[in-house]
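Participant: Take a look at the following structure, please.
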Amino acid sequence: MKDICFATNNAHKLEEVRIILGGRFNVLSLKQVDFAGELPETHETIEENSLEKAEYLFDKLGIPVFSEDSGLEVDALNGRPGVHTAHYAGDRNAIRNMDKVISELSNESDRSAQFRAVITYMDESGPRQFEGIIKGAIAPEKMGEDGFGYDPIFIPEGYDQTFAELSAATKNTMSHRKRSVEKLAQFLNSLN
Ligand code: ITT
């Protein structure tokens with residue numbers, strides 16, 4: 001099975017991606033490759049930050065790697081929090097981040113939003129990017145306990161429950177991560 005390192009310090013992303021790939025590839029964590037540092041994210045777009053993380057780690061390790069940068073894009077907020085999703089309220093506190101979005105939408109009738117993920121795969125042939133989007137709406141308040149990040153306030157299109165109320169298995173059939181990871185898997189298969 002092909003070894004590939006996932007450049008992420010987010011344990012939830014790692015878990016979801018391993019489940020989605022279901023043993024099709026051997027996804028190595030940063031810990032498994034003895035990388036303990038921070039990954040740089042210095043840009044103002046999801047695409048650039050995704051590329052930066054993959055290039056940085058490939059440069060350090062010299063083995064095939066992929067990164068994933070993702071964010072919540074709310075229409076009425078002109079795409080915010082976007083690239084600032086992880087620390088929208090100033091730090092990485094999910095409750096404060098969600099409360100900020102809810103409060104900014106308090107007078108808005110348009111609650112449409114999307115999660116977007118951009119994976120960058122990098123090996124000696126250079127970078128390749130794969131995007132995944134799930135459209136939906138921001139809930140009136142936090143609902144549900146499962147998942148991570150903004151899951152308690154995101155209702156995917158076609159459902160009336162948030163990602164935190166739906167099962168992980170259901171989320172993994174449709175999420176932005178699922179859609180980008182499937183494109184990556186298809187590409188990796190085409191290399192063999
Ligand atoms: P790495 O850069 O180490 O991968 P990170 O958490 O910093 O981890 P990002 O910079 O890509 O990752 O930030 C993405 C943020 O978007 C993440 O921290 C969550 O707050 C949110 N997010 C992404 N996918 C999500 C999902 O499936 N459910 C809920 N929130 C999500």
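Participant: Return the whole-Å distance between the Cα centroid of the range 61-92 and the Cα centroid of the range 124-166.
Facilitator: With the range 61-92 and the range 124-166 each reduced to a Cα centre, they are spaced 12 Å.
Participant: Let me ask another. What's the lysine pair count for the range 42-192 at a Cα cut-off below 26 Å, pairs eight or more apart or interchain?
Facilitator: 14
Participant: Regarding the range 1-106, what is the average projected area of its C-alpha convex hull, in nm²?
Facilitator: 7.5
Participant: Of the peptides 103-114, 45-56, how do they stack up when ordered by the mean number of other Cβ atoms within 10 Å, highest first?
Facilitator: Top to bottom by mean Cβ count within 10 Å: 45-56, 103-114.
Participant: Continuing with the same structure: Express the C-alpha Rg of the range 103-169 as a ratio against the empirical globular expectation 2.2 N^0.38 Å, rounded to two decimals.
Facilitator: So the Cα radius of gyration is 1.39 times the expected 2.2 N^0.38 Å.
Participant: Would you mind telling me the share, in percent, of accessible area of the chain contributed by carbon and sulfur at probe 1.4 angstrom?
Facilitator: Values: 4420 of 9440 Å².
That fraction is 47 percent.
Participant: Sort 15-26, 144-155, 163-174 for me by packing, meaning the mean count of neighbouring Cβ atoms within 10 Å per residue, highest on top.
Facilitator: Highest-to-lowest ranking by the protection proxy: 144-155, 163-174, 15-26.
Participant: Step by step: find N for the chain, compute 2.2 N^0.38 Å, then divide the Cα radius of gyration by it. What's the final number?
Facilitator: Values: Rg = 16.5 Å, N = 192, 2.2 N^0.38 = 16.2 Å.
Normalised by 2.2 N^0.38 Å, the Cα Rg of the chain equals 1.02.
Participant: Accessible area per residue of the range 19-73 at 1.4 Å probe, in Å²?
Facilitator: 49
Participant: For the range 52-130, how big is Rg over Rh, using alpha carbon atoms and the Kirkwood form of Rh? Don't skip to the end; give the middle numbers.
Facilitator: Values: Rg = 16.1 Å, Rh = 14.2 Å.
So for the range 52-130, dividing Rg by the Kirkwood Rh gives 1.13.
Participant: Going by average Cβ neighbours within 10 Å, how do the peptides 83-96, 130-143 rank, with the highest at the top?
Facilitator: So the peptides 83-96, 130-143, ranked by packing, come out 130-143, 83-96.
Participant: Next question, about the same structure. Report, in deg cm²/dmol and to the nearest 500, the calculated mean residue ellipticity at 222 nm for the chain, where each DSSP H run with n ≥ 4 adds -39500 (n - 2.57) and the sum is divided by the residue count. Don't jump to the answer; show the numbers that get you there.
Facilitator: On the way: 5 runs with 61 residues, N = 192.
That comes out to -10000 deg cm²/dmol.
The values are calculated or read from the model by the stated rules, or taken from the named source; none is laboratory data. Here the structure is a predicted model, which is why all the values come from computation and not from measurement. Note that we place each Cβ from the backbone using ideal geometry, even for glycine, and neighbour counts take in every protein chain shown. Only protein heavy atoms, including side chains, enter the accessible area calculation; ligands, DNA and RNA are left aside. Shrake-Rupley method; radii C 1.70, N 1.55, O 1.52, S 1.80 Å.
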